[in-house]
Amino acid sequence: MKRLYFLLLLIILTTVGARSQGLTITGTVRDSATLAPLPGASIVIDYRKSWSEAKVDDKGNFSFNLPSGDHVIVIRHIGYGSFKKYIEEGTRKINLDVLLTTTSSQLEEVIITSKGFDQTIRQPILGALQINIKTLEKLPSAFGELDILRSLQMLPGVSSVGEASNGVNIRGGTTDQTLILLDDTPIFNPTHMFGLFSVIPPNTVNSLDLYKGNVPARFGGRVASVLDISTKNPNLEKLKLSGGISLVSNRLMVDAPIIKGKLGIYIAGRGAFNDFILPKLDKRLNNIRAKFGELSTKSFWRVNERNTITLMGYYSNDYFKTDLLTNLPNVVGDDTHYKHITANSSLRWLHVISPKLNLQTSVIFARYAPEIGTAEKENGNVVKLRSSVEQKQVKSNINYQPANHKFETGLIATSYVIRPGTLVPGLSKSVNYISTPTERANEIAWYADDEINFSKNLALSVGLRYSRFMAIGKSVVRNYLSDQPRDDFSVVDSTVYGNGEVSKSYGGFEPRIGLRYALNDHISLKFGYNLMRQYIQVVSNTATPIPTSRWKTSDTHIKPQISNLFTAGYYQSFNTDIYEMSVEGYYRVANNIIDYKPGADFLLQQYPETQLVQGRNKSYGLELMLTKKKGNVKGWANYTFARSLNIVNEGAEPIELVNRGGWYPANYDKPHSFNASLDLTIDSHNSFGFTFAYSTGRPYTEPIGFINYQNNIYPFYDKRNNKRIPDYHRLDFAWNIYNPSMKNRKWQGHWTFSVYNLYARKNAYSVFFKTENAVTKSYQLNIFATPIVSVSYNFVL
């Protein structure tokens, strides 16, 4: 019996001793701006849903004990960004002064969230994703540069035609069918260096919302999808510096309050001037010169408790020079340069009428101006081809949020000015000045959106948009014979329209519907329908439009594109919302898509309708995705089956038919794709990232034979997109190193070591044919055929 008492006493003493060696955590949770306590904040320990002892009282204080060991503390409060603290084993006592910053869109510990499924998001829509910029920063990247568009291609339904593509293709759409907005201003060319990098300094981005299913009625003008990028607001409390250095570019951001608590501004710049490195990466790049610079600025003025004014500006300038020549008329040159400038700005006034009602008015300007220049051999004179797209917009909307509703309605007025091309000869003696007609148009739109929560299980998003587009003069519109192809020989006469006179008008209603039904707290079903119209588009006969591709308004002969999209989805979370699975299917029919006649040439074309044909596109697919959102091991994997097929059969003559009027795969048709991403947090100083991408090769057109005419070899083509390039796959790696000695200092920095294309896959970007000694052979063009090793450094002060 004495032995039993002794054993019990030993167990009790051991338990008490172990508890005495535990961890005691105390602290206070407060608002970072007002320093007011935040009672009711939730404390999550080691990613578990709750901890019985972890409570925040009415004064914002908390105190609890934990067993010895490594722990992760996350503190959250509705309407605020989260606080995260990693505590190492051996720590006995710690006091935390937690200051939470208000935020409207931060997603902590979430990699990709399906909007409308998460219980904190009311929108009952599907095919909409919020992307955490912090997660993208940890993914492997080419040349150590965070690339937003390339990162998006790790998501289901998002792809591109190759590694140097000028944009993304989403659910069977062309690059110009995706509306890319930067603080409500449109981005007409979202890449630098011919598609190698995305525009926009990443350290200015606050949130990324991708709508590829249900698109709210406030968005219009594109028929496939919307990428809505919001930049950060300036810091109104203290000066903050951040930046980074990589092999390709350098970045710096200055964020400063002007009047504390009321007025602030930030200026962020990024520049790439290290093109001398390119020949060291690949000898084929010896004669390449590539540079870009961009500047982003934003100011925020809190006039009073009811009014705020925000001013945003963005400017970028790209320069690319090569010894490959363009086909500018009558120009015999040595080299060619490509330049393009983007200049965007917006002014926004927000007036809070009541806690549930506010009014917002914005004035927007966007300009994109590309240029091609070729230096003549004879005298070095540079002949330039210039073009531009301008969009001006004024919009005002009212937001009303009563119980179980989120209602918004607004009016939008837009003006378009497109200058398709002007050939400036300079001092050339063999080149004439040529200018194509300027295209002008106006658009007015009204919309209304309402999100209604009928019950815990049933929610509805319903929207309606009406748009009216008007092509206006000054212009000359040809009239063609109705039973003949549009060309110079079928012209009947022309109609002249004066300044501001409407030459053609289009419009109609665009309904948007989304329905969510929750089977229980962890499973929901969603259904959606969209109708969207697109009045301006890119006309190009290349797989991916180059920066100088021509934009075209709808007019008498070119009808606006109209799409009908049907979507359905199943969503389920597991293990206290740590895992999430989604299955989404879609079917889209787009009418009046743009395609080109065989041998089409858009360069300085006065009447582009003679080179264009219109048809239909059908795109359908199934997307499966599994995500682990929390913990030291996070990531996702997805598989997509998708088809995108075109048909052009409305013409009267064979030249107006493509593939004899039958269905053919679009340039971006990739039936199968698989993507996976893994983020491993080893400790507070190290994390590793892996990404893998696979997709079916895209289509290309291969000649079925060759014709020898007067000792010249000419290819003979039968069907468009009759072959595919080899399948694409790639593995990337990144190692993020956080310097522990800087954790408690003002200066915080980390290194990133990355390897892009780890196993040196020679992925084909395109296939071309070359004739030598009367023999024609096919060749593959590879963009990144070797591993790209890079190191970058980022800091915050």
Each label sits 7 Å from Cα toward the beta-carbon; between residue 93 and residue 435 the label points are separated, in nm, by 8.1
Karplus ³J(HN,Hα) for segment 154-161 (6.51 cos²θ - 1.76 cosθ + 1.60, θ = phi - 60°; Hz, whole; x = Gly/Pro) runs 7, 9, x, x, 10, 8, 8, 7
Sorted by chain and number, the residues with a modelled amide H under 5 Å from that of residue 192, at a separation of 5 or more or across chains, are 197, 198, 199
Which one of 485, 38, 269 is farthest out on the positive end of the charge dipole of the chain, using unit charges on Cβ (Lys, Arg +1; Asp, Glu -1) and the Cα centre as origin?
38
Distance in Å, no decimals, from the C-alpha centre of segment 217-259 to the one of segment 487-544 is 29
Total formal charge among the other residues, if their Cβ is under 14 angstrom from that of residue 307, Lys/Arg +1 and Asp/Glu -1:
+3
Please list 229-236, 755-762, 69-76 highest first by mean number of surrounding beta-carbon atoms within 10 Å per residue.
229-236, 69-76, 755-762
Using a cut-off of 10 Å between beta-carbons, work out the net charge of the residues near residue 294 (Lys and Arg +1, Asp and Glu -1, residue 294 not included).
+1
Give the cross-link partners of residue 55 among the lysines, using a straight C-alpha distance below 26 Å as the criterion and excluding same-chain residues fewer than 8 apart.
84, 85, 93, 629, 630
Given charges at beta-carbon only (K, R positive; D, E negative), |dipole| of the chain in Debye:
1560
What is the dipole size for segment 379-479, taken about its Cα centre, with +1 at each Lys and Arg Cβ and -1 at each Asp and Glu Cβ, in debye to the nearest 20?
600
Mind sorting out which of (i) 27.7; (ii) 32.1; (iii) 28.9 is the real Kirkwood radius over Cα pairs in Å computed from the coordinates?
(iii)
Sorted on mean Cβ neighbours within 10 Å (highest first), peptides 634-641, 698-705 come out as 634-641, 698-705
Can you grab the distance from the C-alpha centre of segment 65-100 to the C-alpha centre of segment 312-341, Å, no decimals?
53
In degrees, nearest ten, helix 2-20 long axis to first principal axis of the chain (Cα):
50
Determine the alpha carbon to alpha carbon distance for each of 618/723; 719/777; 291/392 and list only those over 25 Å.
291/392
Computed over the chain: relative contact order in percent, which uses C-alpha pairs under 8 Å that are six or more apart
10
Along the charge dipole of the chain, which of 149, 101, 401 sits closest to the positive end, that is, farthest toward it, with unit charges on the beta carbon of Lys, Arg, Asp and Glu (+1, +1, -1, -1)?
101
Give me the net charge for the shell around residue 541: Cβ to Cβ below 10 angstrom, other residues only, Lys and Arg +1, Asp and Glu -1.
-1
Can you tell which of 625, 198, 159 lies farthest toward the positive end of the dipole of the chain, using +1 and -1 charges on the Cβ of basic and acidic side chains (Lys, Arg; Asp, Glu)?
625
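Any read-out appearing in this document is the output of simple, stated calculations on the displayed coordinates, not a laboratory observation. In this text the structure is predicted, and so the values were computed from the model without any measurement. Positions of Cβ are generated from backbone atoms using ideal geometry, with glycine treated the same way; all protein chains shown enter the neighbour counts.
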